[in-house]
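Structure record follows, encoded as structure tokens.
The values are calculated or read from the model by the stated rules, or taken from the named source; none is laboratory data. Here the structure is a predicted model, which is why all the values come from computation and not from measurement. Positions of Cβ are backbone-derived with ideal geometry, glycine not excepted, and every protein chain shown enters the neighbour counts.
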Amino acid sequence: MPALGLVLLFLITLIKCDSDSTPYVKTLPQSVGSSGELIVIIGQQHQESPGNSIRKEFQKTIPSYFSYEPQFDVEIYTHSDFSKLIRQFRNLLIVDIKDNEANKEASTVIKKDVWALDQMVVYIHAKDSAEFLEIFEKDIDKIKEVFNYQDRLRYQSINASISDPIAQEKIQNKFDLTIDIPSDFILVSEGDNHLSYQLEKMDYLSGRAYQVVQNIIIRVQPFVTDSVFSHSFIIDQINTKTGKIYQSTKDVGLSIEEKFHPIFTEINLNGNFGVETKTLWKFEEPLMGGPYTSITVHDPKKNRIITVEGFLFAPKFNYREYMKQIEAILYSLEY
């Protein structure tokens, strides 16, 4: 499964994973709630501290966007508020701070499908607030990764169900790889070493319709040197190759916004080394732009480099969920 290595490593090295979460999964209701929505359950006496620290951490801004947008939408409830309805939300963080034998050793525990299908529950056990903050600070990045990864799987499940068979056949025949392109995307550009798909639609805000454009690019090239994974090379490839594919109405090519420092992350995809890049794209004229995600990965069997990229134009809307949809497509890459 795409990008599984990171999460499996996380589960093995950091978090205790309970495989016996629910013995009767088929009887569970479907989970509720939205992607990026996080329900936190914590004792009344801990609502302010460490409750405020939890809220602040999960609501940090997404760094690769133009303006503030929280990483998660957080709602905090007490244990007494933990009703049957709340238990069905898809992303739950349950904080257990109590000085008892069960919390003798602080721990972070993951369970899937506890009260609902397609649910991710993370428990943090600690004997007091100080111990909680210590383990929370240590584990927070990987906890976020678990929730984000689960959201990605949900989007990938949707994409797989509406994947365009014509696009699949074309990509398979041209590049000998698969990636789930939803059927509402259309092919807008093709070259010897690239395919580009686009979804242009109108979404509504306050009763008015505004344009949203999502783009997916697939590129392949021979593997010659490890320098293809250097940060400068990746940005140059976007500016030169993607810049030729996408031109503004003033014939200005797409380029990366130099004022923003791209975020580079080493990844493992299909068991092979790769680099994920998150940055911002722009047209100089007319002035426009948005978030951009690029994944460059090695295919040793064919001695080639595969690059899949996606970017968004949605100036009237928050970016987070549109980019999660794009990234779910990118990470469906298999070869």
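I'm trying to understand the selection: among the residues of the stretch 200-242, which are crowded, with 17+ Cβ neighbours inside 10 Å, out of contact with any Lys or Arg (no Cβ under 7 Å at 6 or more places or on another chain) and closer than 22 Å to Lys174 by Cβ?
Selection gives Gln214, Asn215, Ile216, Ile217, Ile218, Val228, Gln237, Ile238, Thr242.
Among (1) touching a residue at least 12 places away in the same chain (Cβ under 8 Å); (2) surrounded by fewer than 18 Cβ atoms within 10 Å (Cβ to Cβ); (3) basic (Lys, Arg), where does Lys259 come up short?
(1)
Quick check on this structure: which one of Glu75, Glu101, Glu69 is in the same structural domain as Ile42 (by TED's automatic domain parsing), closer than 30 Å to Ser196 by Cα and among the acidic types (Asp, Glu)?
Glu69
So which of Phe175, Phe136 ends up being touching a residue at least 60 places away in the same chain (Cβ under 8 Å) and not assigned by TED's automatic domain parsing to the domain that holds Glu309?
When all the criteria are applied, what remains is Phe136.
Please pick out the residue among Ile216, Ile166 that is more than 14 Å from Tyr322 (Cα to Cα) and of a type in the set (A, V, I, L, M). Walk me through how you get there before you give the answer.
Working: Ile216 fails: more than 14 Å from Tyr322 (Cα to Cα).
Answer to the selection: Ile166.
Restricting attention to the stretch 297-321, report how many residues are more than 16 Å from the chain's Cα centre (by Cα) and part of a strand (DSSP E or B).
Going through the stretch 297-321 one residue at a time, the tally reaches 8.
Can you confirm whether the stretch 87-108 contains a residue that is in a helix (DSSP H, G or I), of a type in the set (Val, Ile, Thr) and modelled with pLDDT of 95 or more?
Checking the stretch 87-108: not a single residue is in a helix (DSSP H, G or I), of a type in the set (Val, Ile, Thr) and modelled with pLDDT of 95 or more.
Test of understanding: among Thr240, Thr249, which residue is modelled with pLDDT under 95 and more than 25 Å from Arg320 (Cβ to Cβ)?
Thr249
Take the residues of the stretch 252-282 that are of a type in the set (A, V, I, L, M, F, W, C) and under 15 Å from Phe311 (Cβ atoms): which is farthest from the chain's Cα centre (by Cα)?
Of everything passing the filter in the stretch 252-282, Leu254 is farthest from the chain's Cα centre (by Cα).
Kindly check whether there is at least one residue in the stretch 53-66 that is out of contact with any helix residue (DSSP H, G or I) (no Cβ under 9 Å at 6 or more places or on another chain), part of a loop (DSSP other than H, G, I, E, B), aromatic (Phe, Trp, Tyr) and farther than 19 Å from Gly43 by Cα.
Yes, the stretch 53-66 has at least one match.
Would you mention how many residues in the stretch 70-122 are polar (S, T, N, Q) and without any contact (Cβ under 8 Å) to a residue 40 or more places away in the chain? If you could, list the steps in order and put the result at the bottom.
Restricting attention to the stretch 70-122, the residues satisfying the condition of being polar (S, T, N, Q) are 71, 78, 80, 83, 88, 91, 100, 103, 107-108, 119.
So of that shortlist, the ones also without any contact (Cβ under 8 Å) to a residue 40 or more places away in the chain come out as 78, 80, 83, 100, 103.
Looking only at that region, the number is 5.
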